[in-house]
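Enquirer: This is the structure I have questions about; it appears just below.
Nothing in this text is a laboratory measurement; each read-out follows from the coordinates by a stated rule. Note that the structure is a prediction, hence the values are computed from the model and not measured. We place every Cβ from the backbone using ideal geometry, glycine too, and count neighbours over all the protein chains shown.
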Amino acid sequence: MLPFENVSEPLPPDPPGGIAGALGTLRHALADPLSAAGLKLELLGRRLAAVPDEGTSLADRVRGTKGDLAVAGRLIDLLPRLATIAGEASVDASIGELCRAAGVPLEESAASCTHILLKRLASADALRTVVGFVRSVDPDGRPPRAQAETGPARVSLSIDSPGRLVETNLDRLFQLPRGGVQGEELFLARASIEADGGRLLLVEREGRLVAAFSWPRPATGESGAPA
């Protein structure tokens, strides 16, 4: 994933057969040999399971390797979704339009009307994923609150919940591999936002879990609508 200091500029439009095509090709290239290796380990694991106690240690190692291959398979399956993100064109949209597309309530304000360039479908999916995660921290509490702000160079959107996480390193929630699908979805959400030069962080402020989005504001004449 790109470090934050390298994501201030949106990626150029993906040409035919560009990043999206390369990711699709890579997925097919990796998946076939991985499936063959998994089948061989499955047969080996069954044979070792029938061996007396002296084979237990080796059987455990094979099971561990099979688990690693399963994780690798999940990561490979993310490549088509990353290709879809990379292949979507960035369009002009306001923060308010993005929130409405994602079904996230946002009070109308000057900041909510600020226009940015973003991958509309991927960004809306990312917003829904993050709101669902923030809501899961305190499912019985009030709905997460969304608030937009505009600065001279960037526009931001914060979504907060009164709930708190046991996890102290919140950035680790975006890292792969993780045990569940939720980590993969958060990884894809961040990838969607960063594809337009945006940033996505989970932070704790005054005892509240806050999802902080931000995007660069287009230069004058770069967007069809006023910034």
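Enquirer: Relative to the present Cα-Cα distance, how much length would full extension add between Leu170 and Gln147 at 0.36 nm per residue of separation?
Expert: 6.2 nm
Enquirer: Hey, another quick one. Once both labels are modelled 7 Å past Cα along the beta-carbon direction, what's the Asp77-Thr65 spacing in nm?
Expert: Output for this residue pair reads 2.3 nm.
Enquirer: Looking at Val131, Leu173, Ala153, which one has the Cα that reaches farthest to the positive end of the dipole of segment 89-216 (charges on Cβ: Lys, Arg +1; Asp, Glu -1)?
Expert: Positive-end residue among those listed: Leu173.
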